[in-house]
Ligand SMILES: Nc1ncnc2c1ncn2[C@@H]1O[C@H](COP(=O)(O)OP(=O)(O)OP(=O)(O)O)[C@@H](O)[C@H]1O
Ligand SMILES: [Mg+2]
């Protein structure tokens with residue numbers, strides 16, 4: 001018993017404590033959280049914007065001839081192309097293109113990763129929001145319009161709140177996917193949690209402890225995110 | 001109050017309304033009947049421009065409202081609609097359902113709207129439901145609240161599209177009772193319904209619509225039901241009565 005306890009202490013000492021090895025994991029984890037959080041903000045804001053543009057274009061079917069109609073039509077076309085390209089190509093390739101081509105002069109790896117994952121997630125969130133918006137009852141929208149509410153008022157008071165409720169489960173999945181997908185950040189040399197584990201292995205020459213430790217950290221965060229989204233769902237459904 | 005002139009409405013190739021002319025005067029109660037698919041809902045929905053007329057004019061309080069310069073939201077504030085499926089806002093509780101439009105359209109401030117909402121809820125006998133959400137209410141309760149929601153805007157005209165058709169039979173009465181009360185209070189109403197008892201009792205005019213046209217019109221409901229003039233009206237009434 002004492003022997004095995006000693007073994008565990010040694011194991012932790014050699015793999016994580018010695019020379020502050022654990023800092024590779026915690027610093028990496030901090031980068032992973034930052035990238036996820038800021039990418040989420042970008043994805044959320046841009047995703048809603050893209051979804052509204054596409055829905056408004058379909059609802060209002062504006063004429064190309066008026067300036068505002070032209071703008072909406074144009075933005076909607078661009079959104080469609082954007083979403084098609086993002087969803088049709090691997091995130092890793094997008095990350096490499098951002099790093100090596102588009103943002104070649106930007107040397108802050110964290111920002112490259114945030115922008116890539118944010119722009120990527122926006123395309124998926126746009127599709128999620130769009131289906132959430134389209135699931136809102138047409139009758140309720142007509143009721144709002146029949147009371148004199150404008151299109152925008154109806155959007156903000158009836159459609160969007162219900163759309164959020166509708167897409168919360170899919171939205172939670174997307175956040176979890178985003179979080180896990182940041183683990184490819186190492187491709188551009190950003191030391192996130194996964195890369196941090198890799199570096200740690202190069203010090204200790206033992207693969208299992210750092211990889212399992214990082215896997216455990218990812219898992220715990222995913223479980224926490226799931227709990228948060230379940231709680232949100234419970235809060236906004238009235239039964 | 002509202003005039004319909006030579007109204008045509010097509011859905012692509014399908015001609016749904018084919019030359020409807022109608023005038024509804026203040027505090028008239030017009031009941032519209034006709035077979036399924038004859039264009040009753042479409043006619044009602046053209047009146048508040050939920051459907052855009054293909055041609056013809058809708059004139060509400062001396063203004064041609066199907067004209068591109070008209071602020072349709074402003075017009076709709078004065079014209080309520082009650083739907084077959086109630087269409088209460090499912091993300092809002094009863095009080096919020098009632099106060100949303102008057103507050104958003106700057107008719108009333110929040111306090112005034114809430115006071116008025118409570119008065120209306122008392123009048124329809126549902127003051128204890130003020131914090132409930134629509135899915136916690138029976139169909140009859142939902143429809144009475146939908147009517148109250150329309151009344152919050154003090155409309156000049158109320159449009160009803162089969163307000164009792166989606167209700168369980170035991171709840172039809174409470175909704176018709178409220179509508180009768182409104183009629184007696186002088187509300188101008190256009191009602192599409194299959195409730196012939198209500199039509200006899202409340203209507204001061206009956207329209208029979210078939211294939212997108214007003215086939216028969218009568219200012220005497222009892223006479224209309226007892227002695228329909230047109231053959232198509234007779235056929236229709238013999239099927240439903
Ligand atoms: N948005 C639409 N697009 C295409 N066709 C439509 C649309 N709305 C109605 N129609 C068609 O127009 C015709 C008239 O429909 P409408 O709903 O006005 O009939 P109705 O008299 O109200 O019938 P019901 O008693 O069944 O409600 C029907 O043939 C219907 O299929
Ligand atoms: Mg109908």
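FYI, it's all coordinate maths here, none of it is from the lab. Given the structure is predicted, the values throughout are model-derived calculations rather than measurements. Cβ atoms come from the backbone with ideal geometry, glycine included; neighbour counts cover every protein chain shown.
The distance linking the stretch B:1-80 with the stretch B:134-174 is 21 Å (Cα centroid to Cα centroid, whole angstrom). Comparing mean-square fluctuations of A:143, A:215, A:207 from a GNM of chain A with C-alpha springs under 10 Å, the top value falls on A:143.
Summarise the partner chain shielding of B:152-163 as one whole number: the mean count of Cβ atoms from other chains within 10 Å of each residue's Cβ.
Across B:152-163, the average partner-chain Cβ count within 10 Å equals 1.
Here the calculated FRET efficiency for residue B:23 and residue A:85, from their Cβ-Cβ distance with R0 = 45 Å, stands at 0.20, rounded to the nearest 0.05. Shape analysis of the stretch B:30-92 places it in the oblate category; the axes a ≥ b ≥ c from the Cα gyration tensor give an a/c of at least 1.5, with a/b not above b/c. By the Stokes-Einstein formula, at 1.567 mPa s and 4 °C, the stretch A:153-239 with its Kirkwood radius over alpha-carbon pairs has D equal to 84 µm²/s.
For chain A, the 222 nm mean residue ellipticity estimated from helices alone, with every DSSP H stretch of n ≥ 4 adding -39500 (n - 2.57) and the total spread over all residues, rounds to -25500 deg cm²/dmol. Ordering B:47, B:104 by the number of other Cβ atoms within 10 Å of each residue's own Cβ, fewest first, gives B:104, B:47.
Stokes-Einstein diffusion for the protein assembly as shown, with the hydrodynamic radius set to the Kirkwood value over Cα pairs and evaluated at 10 °C in a medium of 1.306 mPa s, equals 59 µm²/s. Within 10 Å of the Cβ of each residue in B:81-88, the mean number of Cβ atoms contributed by other protein chains is 4. Exposure proxy shown here: for A:182, A:154, the number of other Cβ atoms within 10 Å sets the order, fewest to most, as A:154, A:182. Approximating the spin labels as points 7 Å out from Cα along Cα→Cβ, the residue A:202-to-residue B:184 distance works out to 8.9 nm. Build a GNM of chain A with springs between Cα atoms under 10 Å apart, and of A:190, A:223, A:109 the one that fluctuates most is A:223.
Kirkwood radius, the stretch B:123-241, all distinct C-alpha pairs, inverse of mean reciprocal distance: 15.8 Å.
If you bin all the Cα-Cα distances of chain B at 10 Å, starting from zero, the percentages per bin are 7, 31, 36, 21, 5, 0. Within the stretch A:160-192, find all residues whose amide N lies under 11 Å from a label point positioned 7 Å from the Cα of residue A:110 along Cα-to-beta-carbon. Residues A:191 fall inside that zone. Computed packing ranks the peptides A:29-35, B:232-238 as A:29-35, B:232-238, most packed first, by mean other Cβ atoms within 10 Å.
Every Cα-Cα pair in the stretch A:14-99 was counted, and those over 20 Å apart are 58% of them. Given their separation in residues at 0.36 nm each and the Cα-Cα distance between them, residue B:177 and residue B:111 gain 20.9 nm when the chain is fully extended. Each residue in A:116, A:237 was given a count of other beta-carbon atoms within 10 angstrom of its own, and listing them fewest first yields A:237, A:116.
If you take the square roots of the eigenvalues of the alpha-carbon gyration tensor of chain A and sort them as a ≥ b ≥ c, do you get rounded (a/c under 1.5), prolate (a/b over b/c) or oblate? Here chain A falls in the oblate category.
Considering every alpha-carbon pair of the stretch B:1-63, the percent of pairs per 10 Å bin, from zero through the bin containing the longest distance, is 22, 57, 20, 2. When chain A is treated as a GNM, springs tying every alpha-carbon pair under 10 Å, which of A:158, A:48, A:12 comes out with the largest mean-square fluctuation? Residue with maximal mean-square fluctuation among A:158, A:48, A:12: A:12. Mean partner shielding of peptide B:71-77, defined as the number of other chain Cβ atoms within 10 Å of each residue Cβ, is 4. Taking the convex hull of the alpha carbon positions in the stretch B:1-108 and averaging its projected area over all directions gives 8.5 nm². Normalising the average separation of contacting C-alpha pairs (under 8 angstrom, six or more residues apart) by the number of residues puts the relative contact order of chain B at 27 percent.
The Stokes-Einstein estimate for the stretch B:193-241, based on a Kirkwood radius over Cα pairs and taken at 25 °C with 0.890 mPa s viscosity, is a diffusion coefficient of 226 µm²/s.
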